[in-house]
Amino acid sequence: MIVAGTYDSSVAGWTLNEKTNKLQSIFAVKPHQGYISGIAHSDKWILSAASDEAITIFNAKRLREVGSVGSEGTPTRLRLVGNNLLVTTATGQIIIMRTSDWMTIWKEQAHKKRINDVSLHPSGSLGITVGDDAFMKLWDFSKCKLVLQIKLKASQNLVNFSPSGEVYALCAEQNVTVYNLKGDKVSETKLASEAHCSTFIDESSLLFGLEDGTLELVRITPNSCSQRWRMAAHPSRIRSIAFATEGDRNTVVTVCSSGTLVVWEYDGSQLSEIRRQTQDTRFTSVTAIWK
């Protein structure tokens, strides 16, 4: 299932036919009064957050809205972690809610300004946040405590743990810097254009969606990082990337601000386009899970 959010407050979902590679629309709703700022989904839940400071909850199997919760400030990221939902906000807060009753179990004023991104360690207990206050902060979410904070030279847009959790990458506009878990800088590189989204698609491959509509793949190792390739993908800025795997099939989904959604197959070295669809909308976010 692919779920995407838009500037016009809409949330839509599709399934991908594995034989024909065609997208089939399964729902489209308008649950908010502001632009969609984040999407998350699992086998059980679909969640959308918006600039109206609300998080709408859908039953993923019945594709029905079952409730909503508020947040203090526009949510910037949603992450489902086990039986909890982690929310970061434009006011610098981290909020953790139980998905059993959607009650808040922890809330922290984590940054003085907007939190731009959060990445969870593969263990599920550690996470990194980066914000407009130019701080990078490492959290132990199992104990709800701050472990490490580093004041950086500039605010960071993006953060990604590698799949093994050995290193993490920060991105400020075009500049990518890789660190180990001790906070030591490992390496750095520069992208061709400003990055708006990123995701690891294997242990050493970090994919960026750029302002100029291109995708750029950076190879990350414990000791270095360097560009592997760059390709034209969209007619305008790429707003969001999702990566999903099922068996031997690895799929990437990208969306852009002019309404194009593209499904790609990743063979371990290259991306091959398998479906392109244009909507009369402007996408802001996307997520994907194959069942």
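Summary table below
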quantity: Cut-off under 5 Å, modelled amide H: who pairs with Phe200 long-range; calculated: Leu207
quantity: Centre separation in Å (Cα based) which lies between region 241-291 and region 27-54; calculated: 19 Å
quantity: Cβ-based charge dipole, the chain, positive-most Cα from Pro235, Ser205, Ser71; calculated: Ser71
quantity: Hz values of 3J(HN,Hα) by residue in region 134-142 - Karplus curve (6.51, -1.76, 1.60), Gly and Pro given as x; calculated: 6, 9, 10, 10, 9, 10, 9, 6, 5
quantity: Residue pairs, from the table Lys44/Lys137; Lys153/Lys182; Lys44/Lys145, whose Cα atoms sit over 25 Å apart; calculated: Lys44/Lys137; Lys44/Lys145
quantity: Residue-span extension gain [Leu63 to Ser123] - 0.36 nm each, minus C-alpha spacing; calculated: 18.6 nm
quantity: Rounded accessible area per residue of the chain, 1.4 Å, Å²; calculated: 44 Å²
quantity: Student exercise, the chain dipole from Lys, Arg, Asp, Glu Cβ charges, in Debye to nearest 20; calculated: 340 debye
quantity: Those GluC sites (Glu not before Pro) in region 172-276 that DSSP places in a loop and that have at most 15 other beta carbons within 10 Å; calculated: Glu203
quantity: Label-point gap, in nm, between Gln270 and Ile150 - each point 7 angstrom along Cα→Cβ; calculated: 3.6 nm
quantity: Gain on full stretching of the segment that runs from Gln24 to Ala192 - 0.36 nm per residue minus C-alpha separation; calculated: 57.0 nm
quantity: Proximal charge balance of Ser257 [Cβ under 15 Å; K/R count +1, D/E count -1]; calculated: -2
quantity: Paramagnetic reach from Trp45 (point 7 Å along Cα→Cβ, amide N under 13 Å) across region 64-82; calculated: 66-70, 78-82
quantity: With every protein chain in place, the chain: carbon and sulfur % of accessible area (1.4 Å); calculated: 43 percent
quantity: Cubic angstrom per residue, convex hull over Cα atoms of the chain; calculated: 116 Å³
quantity: Total formal charge among the other residues, if their Cβ is under 13 angstrom from that of Leu148, Lys/Arg +1 and Asp/Glu -1; calculated: +2
quantity: Cα-based reach from Lys185 at 17 Å (exclusive), listing aspartates and glutamates while leaving out same-chain residues under 8 positions away; calculated: Glu166
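The values are calculated or read from the model by the stated rules, or taken from the named source; none is laboratory data. Only a predicted model underlies this, so the values are computations on that prediction, with no experimental measurement involved. We place every Cβ from the backbone using ideal geometry, glycine too, and count neighbours over all the protein chains shown. The area values use the complete protein model at the heavy-atom level, side chains included, leaving out ligands, DNA and RNA. Shrake-Rupley method; radii C 1.70, N 1.55, O 1.52, S 1.80 Å.
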